[in-house]
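Worksheet: one structure, shown below.
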Amino acid sequence: MSNALTITAPEGVPFIDYVRDFDAPVAAVFQAHADPELVKKWLGPNGYEMEIAEWNLVDGGGYSYVHRVGDEAYAFRGVFHSVRENDLIIQTFEYAGFADVVSIESMTFEDLGDGRTRLHGHAVYPTQEARDGMVQSGMETGMSEGYDRLEELVR
């Protein structure tokens, strides 16, 4: 895939930044984040099934979903705090396996022209330990695989 995910996790600070380009217009990339039927097709690692209980991408809306692979299930939830169509999403993110560890994340959608989009993400964790745990969890593989599927979906 020509548009690789770049993740930066600086030493000594509890945040992660990521950037990924898509060969698709901002409106298509944003819509793939907004529509739960589209989200199910790309979010998460390859081979996982996704069940969405709630996905309401509006200011103050919430989300709740479970990823399943074999007999294992991984539940996630959060709140969409600010949503500006085709521009910005600010949300919380919580994995049920680590209750009380909630990150706040922002995603900005940058129009690169020529029908291309750059997605910028910034996630802040409550502690360095929580951030390091996320980095070590296989997050990069799951994000890369999901964004590759998103690329195919919106192209």
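Nothing in this text is a laboratory measurement; each read-out follows from the coordinates by a stated rule. Given the structure is predicted, the values throughout are model-derived calculations rather than measurements. With ideal geometry, Cβ positions are generated from the backbone for all residues, glycine too; neighbour counts draw on all protein chains shown.
Here are some notes:
- Taking amide H as placed 1.01 Å from N in the peptide plane, the amide H of residue 44 sits under 5 Å from that of 146, each at least 5 places away or on another chain.
- Listed residues 10, 33, 146: farthest to the positive end of the dipole of the range 6-154 (Cβ charges): 33
- Treating each Cα of the range 77-155 as one equal point scatterer and applying the Debye formula with no solvent, the log10 of I(q)/I(0) at q = 0.10, 0.24 Å⁻¹ comes out as -0.29, -1.28.
- Dividing the summed -39500 (n - 2.57) terms of all DSSP H runs of n ≥ 4 by the residue count of the chain sets its mean residue ellipticity at 222 nm at -8000 deg cm²/dmol.
- Net charge of Cβ neighbours under 12 Å - reference residue 15; Lys, Arg +1; Asp, Glu -1: -3
- Rounded if a/c under 1.5, otherwise prolate or oblate - the range 24-96, Cα gyration tensor axes: oblate
- Assuming charge only on the beta carbon of Lys and Arg (+1) and of Asp and Glu (-1), the dipole of the range 1-142 about its Cα centre is about 80 debye to the nearest 20.
- Each residue, residue 152 and residue 86, gets one label point 7 Å from its Cα in the Cβ direction; the gap between the two is 2.8 nm.
- In the range 1-54, the trypsin sites (Lys or Arg not before Pro) that fall in loop regions by DSSP, at most 13 other Cβ within 10 Å: none
- Rounded Å value of the spacing that divides the Cα centres of the range 32-61 and the range 120-155: 15
- Checking every one of the GluC sites (Glu not before Pro) in the range 76-151 against DSSP loop status and a limit of 15 other Cβ atoms within 10 Å picks out 85.
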